[in-house]
Structure formats: C-alpha cells, structure tokens
1. If you scan segment 582-613, which residues turn out to be among the hydroxyl-bearing types (Ser, Thr, Tyr) and crowded, with 18+ Cβ neighbours inside 10 Å?
2. I need the full set of residues from segment 331-342 which are farther than 11 Å from Pro150 by Cβ and crowded, with 19+ Cβ neighbours inside 10 Å, in order please.
3. Suppose we keep only residues that are more than 14 Å from Asp508 (Cα to Cα) and over 37 Å from the mean Cα position of the chain (by Cα) within segment 556-574. Which one would you say is surrounded by the fewest Cβ atoms within 10 Å (Cβ to Cβ)?
4. I'm trying to understand the selection: among the residues of segment 94-117, which are surrounded by fewer than 19 Cβ atoms within 10 Å (Cβ to Cβ) and either hydroxyl-bearing (Ser, Thr, Tyr) or closer than 16 Å to Ile26 by Cβ (or both)?
5. Which one of these is of a type in the set (Phe, Trp, Tyr) and open to solvent by 10 Å² or more (accessible area, probe 1.4 Å): Phe52, Phe28, Phe65?
6. Looking only at residues that are touching a residue at least 12 places away in the same chain (Cβ under 8 Å) and among the charged types (D, E, K, R) in segment 562-576, which one is farthest from Lys495 (Cα to Cα)?
7. If you scan segment 424-476, which residues turn out to be over 15 Å from Arg391 (Cβ atoms), outside any loop (DSSP other than H, G, I, E, B) and of a type in the set (S, T, N, Q)?
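The values are calculated or read from the model by the stated rules, or taken from the named source; none is laboratory data. Fair warning: this is a prediction, and the values are worked out from it, not measured in the lab. Every residue, glycine among them, receives a Cβ derived from its backbone with ideal geometry; neighbour counts consider all protein chains shown. Note: areas computed on protein heavy atoms with side chains; ligands, DNA, RNA excluded. Shrake-Rupley method; radii C 1.70, N 1.55, O 1.52, S 1.80 Å.
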Amino acid sequence: MALNGFRPGLLDKRIRVFEGNALSEIAFPLGGIGTGTISLGGRGNLRDWEIFNRPGKGKDLPYTFFSIWFREEGSKPVSKVLESRIPPPYRGSYGIPWSYVPGLPRLAKTRFRGEYPFAWIYFEDSIPLEISLEAFNPLIPLNVKDSGLPVAIFKWRVRNTSKRRVDLTLAMSLLNAVGYDGVSNLTNRFSDLFGQNLNELVRETGLTGIRMSSKKYSEDDPKYGSMVLATSWKDVTYTLRWERSIWWDDVQSFWRDFSEDGRLAEEPSPDLSMDGETDVGSLGLLAKLNPGEEVVLPFILSWYFPNLVNYWNKEDEVRGKRIGNFYAKLFHDALDVAKYVAKEFERLEEETRLFHKTLFESTLPSYVLDAVSSQVSTIRTPTCLWAEDGRFYAFEGCNDNSGCCWMNCTHVWNYEQTLAHLFPSLERTMRLTDFLNNTDDTGNMAFRTLVPLVGARWRFKPAADGQMGCIMKLYREWKLSGDDEFLKMLWPSAKKSLEYAWKTWDKDCDGLMETDQHNTYDIEFYGPNPMVSSLYLGALRAAEEIAKYLGDFESAKRYREVFEKGRDNFIKLLWNGEYFAQRSRGDSNTRYQFGEGCLSDQLIGQWFSHVVGLGYILPEEQVKTAVMSVFHYNWRESLLEHNNCQRTYALNDESGLVLCSWPKGGRPNYPFPYCDEVWTGVEYQVAAHLIYEGFVEEGLRIVKGVRDRYDGTKRNPWDEVECGHHYARAMSSWSLLLALSGFEYSAPEKIIGFGPRVCENNFKCFFSTGGCWGSYSRKVEQGFQRDSIEVRYGRLELHKVKLIVDKPSNAKLIVNHSRKGRLKAFLNVEEKHGIVVLEEPVTIDSGELLEIVIA
C-alpha cells in the first residue's frame with residue numbers, strides 16, 4: 001500500500017544535519033571490517049581510538065589534531081586548530097586535559113552530516129576561507145578486501161572567499177602510539193609503554209608521509225605494529241618529532257613554529273625516542289589560492305596492529321592465544337596499506353561513492369535510511385573481528401574498553417541482517433563455525449564460540465532460539481548465494497541440529513518446545529512460548545525446503561509433518577484472541593517467565609520467514625492481529641510514566657517499544673529480566689514485521705522514535721547501545737529496507753522480487769544479492785508501469801521477476817535488456833502479484849539494466 005495521509009514527517013526525505021548541542025555525542029567510526037576504528041567527533045576532533053585490537057571509548061591520542069595556518073595577502077598570519085570551540089561543561093580538576101590543546105584558537109562553529117560511510121563537517125568562522133571536511137573509509141558491498149582496509153581518509157576542501165590571494169598550510173599532528181595497549185589513559189608523550197619509537201619520512205611514487213613504528217616490541221608481541229600519516233599532495237612540510245622536552249615545551253615549540261610561517265622544521269633524520277616516551281609528528285600540505293579558488297587536500301591515516309589475542313575468555317584452551325587480524329595477511333605494515341590505498345584511491349573512492357549514491361538516492365524516508373546505514377558501521381567497529389583464519393567473529397557489543405558477551409552469540413545474531421546482505425561471504429563463515437565447529441555429534445550447538453578454533457567447545461547448555469535461528473540463517477545464506485557445495489557441506493550437521501530438538505525441547509514431536517529453553521533473555525523459558533517456537537517452525541520449514549532440494553525427501557516429509565502439528569498447536573495452545581502467550585510448565589515459584597504477557601518479539605520466527613522468503617508459517621489473520629497488538633500494547637509515545645527497574649536505554653518523554661507488557665493482567669512478581677527495557681534491535685525487528693504485514697505507518701513510527709532518541713545530544717547516532725556499544729542486534733535495521741521494498745531473491749531459482757510498500761507509484765531502492773548490488777525503481781503513470789533493475793556492481797542471473805502488477809495476465813509486456821535488446825517473456829498475474837518469466841535466463845552485468853514495461 002502507498003503512504004497517503006500519514007502523520008507529518010513520516011515521509012521526510014531530508015537527511016538531518018547536527019549542530020550546536022547535537023554535536024556533543026557524535027562519534028562517526030572510520031575504519032574497515034575487522035580493523036578497528038577511529039571516530040570523527042562532531043567538532044572535527046578525533047576521538048575513541050579503537051585500532052589497538054580492543055574497544056577504547058574515551059581513549060584519545062594526545063596532541064593529535066588538524067590545524068590550519070593561512071595568510072591573506074597584506075594581512076598578518078592566522079593559525080587555528082581545525083575544530084569548533086570546546087563547549088562546556090569544564091569539570092576537570094586541572095581544567096580541560098591539555099592533551100586536547102584546549103587553549104589554542106579554534107573555529108567558531110561546525111555542522112555535521114553523516115551518511116555512512118561518508119561524513120561531512122562544515123566549518124564557520126569570520127575568516128576569508130570556506131572550510132569543510134569529508135571523511136570516509138572504503139565500503140564496497142561484496143568486496144570484502146577493499147572494505148576491510150585499516151585506514152581513515154580525510155579530504156579537506158578549502159576555498160578562498162576573499163578578494164586577495166591566500167597562502168595556507170593545513171596540517172595533521174599525530175602521536176606515534178605504537179606500543180599503546182588500548183587500555184591505559186594517555187595524557188602526553190610519556191608512558192612506560194613507549195620507548196624506541198621511530199618516526200621516518202617516506203617518499204614513494206605518489207605518496208609522501210611519516211611512518212611510525214617502534215623497535216621496543218618483537219613482531220609477535222600484541223603491542224607490535226605501525227602507523228602512517230601520508231598524502232598524495234606534492235607540496236608538503238613536515239616535522240618528524242616535536243621538541244623532546246618537559247612541561248609543555250613540545251606543543252609550544254610546534255605551535256610557535258607552525259604559526260610563524262606555516263612551515264615546519266623538516267628534519268629528515270629518524271631518531272629513536274628515549275625509553276618511556278614517544279614522539280609527535282606533523283605533516284602539512286601547502287597551497288596558494290587566488291580569489292575564488294578552491295583546493296582539496298587529502299590525508300591518509302593507516303594502521304597495522306596484526307597480533308590480536310584472546311583477552312576475554314577464562315578458558316585455558318584459548319586465553320591469551322593469538323587470533324590475528326586478516327588484514328595482516330594482505331599487507332606487511334601500515335606503509336603497505338597506505339601505498340595500496342594511494343594506488344587504488346580513485347577506484348576505491350568511486351565504488352564507495354557508487355554504493356552511497358545507490359543507497360541514499362532511495363525514496364525511503366530519511367530516518368529509515370539513517371537507521372539502515374548507521375548500523376552498517378557496526379560491522380567495522382571492535383564489535384566485529386575478521387580473523388587471520390578468514391572467519392568472521394563478533395561480540396554482542398562493546399564495553400568501553402573490552403568486548404562484551406563473546407563470540408558469535410547465535411540468539412543475538414538471529415536479528416542481524418546487515419552483514420548477511422552486504423558481505424554474505426563473511427556471513428557464511430559464521431555458519432561454518434556454527435555447524436562445523438560448535439555442533440557436536442548429538443546436534444547440540446554451543447551458542448558462543450571459543451577462538452581461536454583449537455577444537456574446544458563452550459561448555460554450557462545450548463540456546464534453543466539461537467540453534468533454530470541458525471538453520472534459518474543457513475537457508476538464507478544458500479538462497480542469497482546459490483552455493484550448493486556450501487549447503488551440502490553443512491546440511492548433515494544442520495539436520496542433527498534441528499533433530500536435536502526432538503531429543504530435548506520437543507520430545508513428543510508436536511511442533512512446540514515444552515522443556516526449558518535457554519534464549520536471548522539470558523534465562524530459560526519453561527513450556528510452550530511463541531518466541532522460541534516460532535523460530536522452531538521457521539527452522540522446520542527452512543529444513544524442509546533444503547531437504548527437498550537435496551533429494552532428502554524422507555526428511556522433508558518428516559519436517560513437514562512436525563511443522564503442521566506445530567502450527568496447529570501454536571494456534572490452539574498459545575493464541576489468546578489478541579496475541580500469542582506463554583503456557584508455562586514451571587510451578588508458581590518459577591521466576592523469569594512472561595505467561596500471559598504480550599512479548600514484542602513473540603513472532604520473530606514469522607518475521608525471519610518473511611525475510612528469507614518462506615512466507616507465512618502461521619495463519620495470516622492471527623499474525624496480523626498479534627503484531628498489531630504488540631504495537632498497541634508495547635509502544636509508548638512517552639515513557640514518562642513507564643516503570644523500569646532494569647537497564648535504561650530510553651526514558652523521560654522519549655518514545656520506545658518495551659519488550660513486554662501484561663494488558664490482561666497476570667504480570668509475575670519476577671518476570672524475565674529485561675522485560676521493561678527498550679532494545680533498538682527488537683524495535684527494528686517489530687517495525688519491519690509491521691511493515692511486512694501492511695501496517696506501514698505503525699512500523700515507521702517506531703523507526704522514527706528510535707532515531708529521534710539517537711539525536712547527537714543524548715546519544716551517538718552511530719552507536720546503538722544494548723549490552724554494550726555498537727550492539728549487533730540493532731543490525732536488524734536492514735530488514736526495514738527489505739520489508740519496505742518487498743525484496744526477495746533466490747539464486748538457485750534465479751528469481752528476484754520487489755513489492756514496494758511506500759511511494760508505490762514512484763519508488764527507488766538499493767538491493768543486494770550474493771553476487772551483485774544495484775538499484776530497483778518503479779514508476780506508474782498514464783496507464784503503464786515501468787520496473788527497472790539496474791546492476792551497479794557484480795552480476796545477476798535471472799529467469800523470473802516478481803512484481804506488483806495492477807493489470808491482467810494478457811496485458812502488453814515489453815522486457816528490454818540494455819545490452820541484448822528486447823527479450824522474449826510472458827506474464828502471469830494473480831491478485832496484483834505478477835511474475836515475469838523470461839523465455840531464457842539472462843545475465844545482467846555491472847552497468848546494465850533490465851527494464852520491464854507493462855501496459
């Protein structure tokens with residue numbers, strides 16, 4: 001259905017800009033998959049240095065900042081730190097930490113705009129220059145290598161707005177942090193972690209910069225590594241090290257030298273630092289601008305810390321063991337990274353911009369694009385690891401200085417859809433770990449992973465929801481990739497994993513789980529409940545489809561029989577007329593259940609079934625009623641009167657979807673933990689499910705409520721928190737794009753489908769498969785409709801296209817391929833759902849278009 005007459009703001013297409021107080025929490029992550037990140041603050045400051053193989057909230061590098069010197073012809077020179085002024089409060093016992101050089105002049109104001117993976121800062125001040133910064137890290141869906149580069153790119157744009165020539169130097173100063181453990185608080189150049197640090201000038205073809213290393217640590221030490229500050233700009237000035245002195249002589253001498261003429265010492269001789277201290281190097285880019293002229297000054301900041309070790313587990317088998325970073329297999333050091341980026345810069349930037357353009361030219365509401373794109377950043381934060389063994393591992397989230405809730409938690413990652421659709425090859429490695437490493441011969445699947453993979457399994461009960469979800473994820477990975485060998489390799493273990501339910505949770509094989517079921521709420525549900533059993537039904541259907549495809553018809557028949565029993569029992573036992581409730585098998589003293597409560601993610605299995613193209617696993621009428629009951633009972637326009645004694649992620653007059661309510665009474669004295677909390681990952685999941693069921697306005701209201709909370713003043717828009725920063729569950733936001741576009745895809749069947757639920761007659765949206773990504777558009781006007789599928793990266797093989805069609809099957813059909821011309825095809829229409837069947841399968845390569853016109 002199209003959105004008409006909905007409340008104001010729900011179709012807003014304007015991407016928000018942050019300024020004033022809304023800059024305070026901005027921390028925009030810059031870094032690749034599995035590399036760690038540096039965050040760009042809203043004022044232009046660099047914060048949260050998380051490149052040292054662990055999270056580092058509040059860990060900033062002293063004396064690391066951008067600065068500008070300029071002289072307008074006939075005027076005195078001016079030098080400023082390229083940040084906006086530091087706002088109050090100023091609480092420190094010694095004032096603001098001097099490592100931020102807070103007493104140096106800054107620019108008056110900034111405005112910040114972020115459309116991940118790009119961030120822009122616009123500076124304002126009464127100077128004769130217009131200054132802006134663009135920052136990014138290459139992000140190219142499906143291209144894992146180039147999306148996993150340990151680098152941050154800064155492009156400064158400076159325009160002369162005066163009527164006279166302006167000479168300028170734009171510099172970056174960087175502390176040589178090689179040896180830093182990522183934990184200690186650094187206040188200046190001095191620390192026992194440092195010593196024998198070395199800054200060297202490097203001049204390569206098309207690249208000039210400062211290479212930073214340390215001779216103190218061996219190549220296998222976790223603190224070993226290197227950093228590079230470089231540029232492709234030819235006219236540079238530099239200093240390898242500030243003055244080595246005490247008090248504030250180091251920064252004072254640098255600022256005096258820089259402020260005099262914009263030139264630095266340019267001493268080319270490298271020299272090891274003394275024990276207990278390191279150096280700060282500065283690289284300046286020089287330019288001369290005539291009136292009205294503009295220049296773009298680029299910086300490349302790369303890093304290389306290859307020796308990731310397991311610091312989070314207590315188990316002897318893995319504690320302290322080396323895991324390593326995958327990027328260390330691709331590059332020798334930070335200079336190698338910088339050289340690669342400089343050489344490939346034009347392509348990397350072009351393809352990253354193409355992804356950005358394809359995503360943000362969509363007709364989806366701006367806050368939906370905000371929700372979808374912002375959570376892509378989580379893949380590249382310390383929540384996620386791309387290990388030396390080629391596997392993708394992930395915490396649930398990040399504490400300030402360590403990973404939180406280690407690795408590949410199956411029940412939390414049930415909700416994630418972002419990695420699966422943008423980098424499916426990495427997602428498939430998680431299935432390898434699930435089924436080949438974490439599942440034993442009985443089918444018991446450990447829901448956390450001990451890394452490195454040395455044959456040890458976590459010794460704890462399995463999670464029923466996570467285990468069933470993994471079977472649905474296997475089905476998803478196969479549908480997106482069409483990789484039969486991958487499916488065949490994992491299917492024996494997947495079968496055991498599913499049938500393990502018949503030995504434990506569903507011993508009578510009635511399709512409902514009755515015994516204790518450990519789950520994502522960190523407790524056991526006793527007795528049949530909709531959340532876990534809906535995933536069970538989804539797993540049975542996914543397994544049935546896989547078994548049929550692989551010729552295992554006996555298993556397929558058995559799965560169908562149990563599924564049909566479960567579907568009938570689900571309605572008979574759990575339906576209360578408005579939603580699905582728990583039928584607890586515990587006694588009256590059993591804590592941490594929800595009973596007659598209305599659980600927000602009670603139908604997560606149905607949502608997941610929509611996502612992977614399985615359709616309805618429960619009767620449509622009850623599903624629609626239940627999901628609307630969740631919205632009606634659990635959505636709060638204001639939380640002012642909400643009682644929550646648990647963790648608080650939304651409060652006061654903010655909107656939010658609480659995890660559970662008891663509209664019919666019967667709230668236990670001690671319901672399950674977290675029941676009164678608000679989790680963005682569940683909010684996005686429920687919002688997408690509402691949209692799938694046709695309740696578009698209600699779904700969008702939830703999404704807008706979430707993004708209004710993450711407004712830059714109260715919270716960082718690029719860091720959604722649950723049990724830790726950058727929480728993985730919030731990557732359920734990608735399902736919003738899937739639901740609003742009606743996207744479905746099957747590589748084995750060579751079929752793709754779209755069914756827009758907003759802007760139905762003038763729609764445009766990003767899509768991705770296991771082999772390509774691009775843009776789908778639909779226009780309906782003057783009695784005909786035009787649907788276009790444009791591949792912008794990769795290759796798409798198609799035989800059928802499913803569309804919304806408001807015409808009969810005998811309507812005029814024209815199918816054109818931009819390279820092959822008109823294609824033979826026919827149209828089948830049933831209740832506004834049409835299937836265009838091509839006479840022969842066709843390949844659409846990058847840059848090509850398939851256009852379907854129906855009149």
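1. So the first thing to find is which residues in segment 582-613 are among the hydroxyl-bearing types (Ser, Thr, Tyr), and the list is 584, 588, 590, 592, 600, 609.
Within segment 582-613, Ser584, Tyr592, Ser600, Ser609 qualify.
2. Taking segment 331-342 and keeping what is farther than 11 Å from Pro150 by Cβ, we get 332, 335, 339, 342.
Correct list: Leu335, Lys339, Ala342.
3. Lys572
4. Keep residues of segment 94-117 that are surrounded by fewer than 19 Cβ atoms within 10 Å (Cβ to Cβ), which gives 94-98, 100, 102-105, 108-109, 111, 113, 115.
Correct list: Tyr94, Tyr100, Lys109, Arg111, Arg113, Glu115.
5. Details: Phe28 fails: open to solvent by 10 Å² or more (accessible area, probe 1.4 Å); Phe65 fails: open to solvent by 10 Å² or more (accessible area, probe 1.4 Å).
After ruling out the rest, the residue left standing is Phe52.
6. Going residue by residue through segment 562-576, those that are touching a residue at least 12 places away in the same chain (Cβ under 8 Å) are 562-571, 573-576.
Now drop any that are not among the charged types (D, E, K, R), which leaves 564-565, 567-568.
Details: Glu564: 18, Lys565: 19, Arg567: 20, Asp568: 23 Å.
Across segment 562-576, the extreme among qualifying residues is Asp568.
7. Of everything in segment 424-476, those that are over 15 Å from Arg391 (Cβ atoms), outside any loop (DSSP other than H, G, I, E, B) and of a type in the set (S, T, N, Q) turn out to be Thr439, Gln467.
Yes/no matrix, rows are residues, columns are (1) open to solvent by 10 Å² or more (accessible area, probe 1.4 Å); (2) within 18 Å of Tyr727 (Cβ to Cβ); (3) more than 15 Å from the chain's Cα centre (by Cα):
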{"site": "Gln417", "(1), (2), (3)": "no, yes, no"}
{"site": "Ser425", "(1), (2), (3)": "yes, no, yes"}
{"site": "Arg428", "(1), (2), (3)": "yes, no, yes"}
{"site": "Phe435", "(1), (2), (3)": "no, no, yes"}
{"site": "Thr439", "(1), (2), (3)": "yes, no, yes"}
